[in-house]
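Engineer: Take a look at the following structure, please.
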Amino acid sequence: MLAGSALFLFTAGCGKQDSTDDVAQNKSGVAVSLTDKPLAVYQNELLEHAFETATAIPVKPHIKDRARAQEKVVEVSLELDQPLRAQYLIERIDNWRRGSGYCDLALYCARRGYPDETQQYLNLAVQISEFAEDWRQDQIKVKIANTYVWLGQNIQTNQFERGVVDSESGEVAGAKALIAGEDHFDEQMNALDALIAPGNFDIVENALKACANLFNRFYDDAGRRFLAEEKMKTSWDKLPIFKRVELLTELAGFALEHADQAKALELVNEAQLFMDSAQWRPEHRIPLISELIKLRFRAGDRQRARADAGALLALFDSQRDNIVNIYRAGTLRPLAEAFQLMNDTAAALAVYKRTVEEGVENPNSRPRAEDLSATCCSLALHGVEPDAELWTRIRQINDGLKDPW
């Protein structure tokens, strides 16, 4: 299998998924027992459009943008429990991100109890990593190490974690925190202290994400949960405000997973105070607040969540011309998702339609393709079915992608 897989490491491919049986007989020769969760017809079509649009971006000179957009479709496919679709799409990514995709698929399998498939996809990722350079190789290696953490294989974990660049160092601590045993909390906290002490920005950020995972892992132990939260808050002075907001957002999400609405709302309000303490460009403020709106609504503060969403839409309208056109769709898309989470599908669809139109403002096809692919992914992931008007625009934009890129 491994010898044969070398033949397709960087070959192109852009065919659609025909059937589960076809996908199971994949080019890598991996024998799988995984299955895709049934999706609505429109979700399948949206994911196909998303990948087709991403793949329309020319390899030369835009391989980086093309592969990044393709990988996003893989990530959404896995979120929607589509491992066979994800595998099929991974094999059509033409650079090192193919290895990154196999890592994501391996971790998906590891977390769901498919050890054979996990190892097979890890083997493919390892082989592709040998063709990657610099930080790209390290990113694959860290993902491989994370999966070995889930498998409980410490020797392999240490082998792949060793010697990576600073931006990747500390990433594996997050995976270790997620599965830490009851008697390993102190050991994990001491390890994070050692990572935080030198003050390297990237390493500190990764260590604080691991603190968030300890917060989640030991949520039912109020004392340990408090220690993990305090470690984060007393160590983030060197991080910019938006990073602190992201960390608090993650903690609030964990609180909701544990049905603790009061704690979630406390964390959301704390993040809101950070947002209100600084001046933000609208393309930064609207996506960050949109995430807080989702959490606020889930935490029970529904009236304010709806009011905040309306205020963000008004902010976009008033500041639209001050936002560079390539950022407008990415600014609106999270707000459309927030409306959908608040069960206002009509408002979500209206904002998605505006998102699609904002995505074609730039005369170049590359940003148009990136935005359309991302919007199709978002629609599929959040369960918003396009009406006839939106389907027509999606197809028109997709069909109209051409020079200049």
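Engineer: As a test question: what accessible area, to the nearest 10 Å², does Tyr42 have when a 1.4 Å probe is rolled over all protein chains in place?
Structural biologist: Solvent-accessible area, nearest 10 Å²: 40 Å².
Engineer: Given the pairs Lys143/Lys233; Lys72/Lys294; Lys243/Lys402; Lys176/Lys233; Lys60/Lys143, which span a C-alpha to C-alpha distance of over 31 angstrom in this model? Write out the running numbers ahead of the final one.
Structural biologist: On the way: Lys143/Lys233 27 Å; Lys72/Lys294 21 Å; Lys243/Lys402 37 Å; Lys176/Lys233 20 Å; Lys60/Lys143 27 Å.
Correct reply: Lys243/Lys402.
Engineer: Please give the Cα centre distance for segment 375-405 versus segment 130-169, rounded to the nearest Å.
Structural biologist: 36
Engineer: Could you sort Asp399, Asp81 by their accessible area in this structure, using a 1.4 Å probe and putting the largest first? Present the calculation step by step, with values, prior to reporting the outcome.
Structural biologist: On the way: Asp399 125, Asp81 50 Å².
My answer, sorted largest first, is Asp399, Asp81.
Engineer: Here is a further query. How high is the relative contact order of the chain, in percent, counting Cα pairs under 8 Å that sit 6 or more residues apart?
Structural biologist: Details: 584 pairs, mean separation 57.5, N = 405.
About 14 percent, as a whole number.
Engineer: If contacts are Cα pairs under 8 angstrom and at least 6 residues apart, what is the relative contact order of segment 304-385 in percent? Before the final figure, lay out the partial values.
Structural biologist: Numbers: 72 pairs, mean separation 23.7, N = 82.
After rounding, I find 29 percent.
Engineer: How would segment 100-147 be classified by its alpha-carbon gyration tensor: rounded, prolate or oblate, with rounded meaning a/c under 1.5 and the a/b versus b/c comparison settling the rest? Please report the intermediate quantities before stating the final value.
Structural biologist: On the way: a/c = 3.08, a/b = 1.98, b/c = 1.55.
Because a/c hits 1.5 or more and a/b exceeds b/c, segment 100-147 counts as prolate.
Engineer: Something else now. Which length gain, in nm to one decimal place, applies between His184 and Ala311 when the Cα-Cα distance is subtracted from 0.36 nm times their residue separation? Walk me through the numbers on the way to the answer.
Structural biologist: Numbers: separation 127, 0.36 × 127 = 45.72 nm, distance 4.53 nm.
Length gained between His184 and Ala311: 41.2 nm.
Engineer: Percent of accessible area on segment 310-370 owned by carbon and sulfur, 1.4 Å probe? Numbers along the way, then the final one.
Structural biologist: Values: 1220 of 2470 Å².
Exposed carbon and sulfur together represent 49 percent of the surface.
Engineer: Sticking with this structure for a sec: Please express the Cα-Cα pair-distance distribution P(r) of segment 47-128 as a list of whole percents, one per 5 Å bin, running from 0 to the bin with the greatest distance.
Structural biologist: Pair shares across the bins are 3, 17, 28, 24, 15, 9, 3, 1, 0.
Engineer: Is the shape of the chain rounded, prolate or oblate, going by the alpha carbon gyration tensor and its root eigenvalues a ≥ b ≥ c, with a/c under 1.5 for rounded and a/b larger than b/c for prolate? Numbers along the way, then the final one.
Structural biologist: Details: a/c = 1.64, a/b = 1.02, b/c = 1.60.
Taking the square roots of the gyration eigenvalues as a ≥ b ≥ c, the chain is oblate.
Engineer: Test of understanding: what is the full-extension gain from Asp221 to Leu273, defined as 0.36 nm times their sequence separation minus their Cα-Cα distance? Can you show the working numbers first?
Structural biologist: Working: separation 52, 0.36 × 52 = 18.72 nm, distance 2.70 nm.
So the extension gain works out to 16.0 nm.
Engineer: Looking at the square roots a ≥ b ≥ c of the eigenvalues of the Cα gyration tensor of segment 78-168, which shape do they give, rounded for a/c under 1.5, prolate if a/b is larger than b/c, or oblate? The partial results should precede the final answer.
Structural biologist: Numbers: a/c = 2.00, a/b = 1.18, b/c = 1.70.
Judged from the Cα gyration tensor, segment 78-168 comes out oblate (a/c at least 1.5, b/c at or above a/b).
Engineer: Counting only helical runs of four or more DSSP H residues, what would the 222 nm mean residue ellipticity of the chain come to if each run contributes -39,500 (n - 2.57) and the total is spread over all its residues?
Structural biologist: Values: 21 runs with 287 residues, N = 405.
That comes out to -22500 deg cm²/dmol.
Engineer: Can you give the FRET efficiency for Thr234 and Ala259, using 1/(1 + (r/R0)^6), R0 = 35 Å, r = Cβ-Cβ distance, to the nearest 0.05? Walk me through the intermediate numbers first.
Structural biologist: Values: r = 27 Å, r/R0 = 0.78.
The value I calculate is 0.80.
Engineer: What are the ³J(HN,Hα) couplings of segment 221-235, residue after residue, when phi is run through the Karplus curve with 6.51, -1.76, 1.60 and θ = phi - 60°? Round to Hz, x for glycine and proline.
Structural biologist: 9, 4, x, 5, 4, 4, 4, 5, 5, 5, 4, 4, 6, 8, 10
Engineer: Principal axis lengths of segment 89-231 from Cα atoms, whole Å, largest first?
Structural biologist: The Cα atoms of segment 89-231 stretch 47, 34, 26 Å along their principal axes.
The values are calculated or read from the model by the stated rules, or taken from the named source; none is laboratory data. No experiment lies behind these values; they were computed from the predicted model shown. Neighbour counts are summed over all protein chains in view; Cβ atoms, including those assigned to glycine, are modelled from backbone coordinates with ideal geometry. Remember, those area values only see protein heavy atoms, side chains included, never the ligands or the DNA or RNA. Shrake-Rupley method; radii C 1.70, N 1.55, O 1.52, S 1.80 Å.
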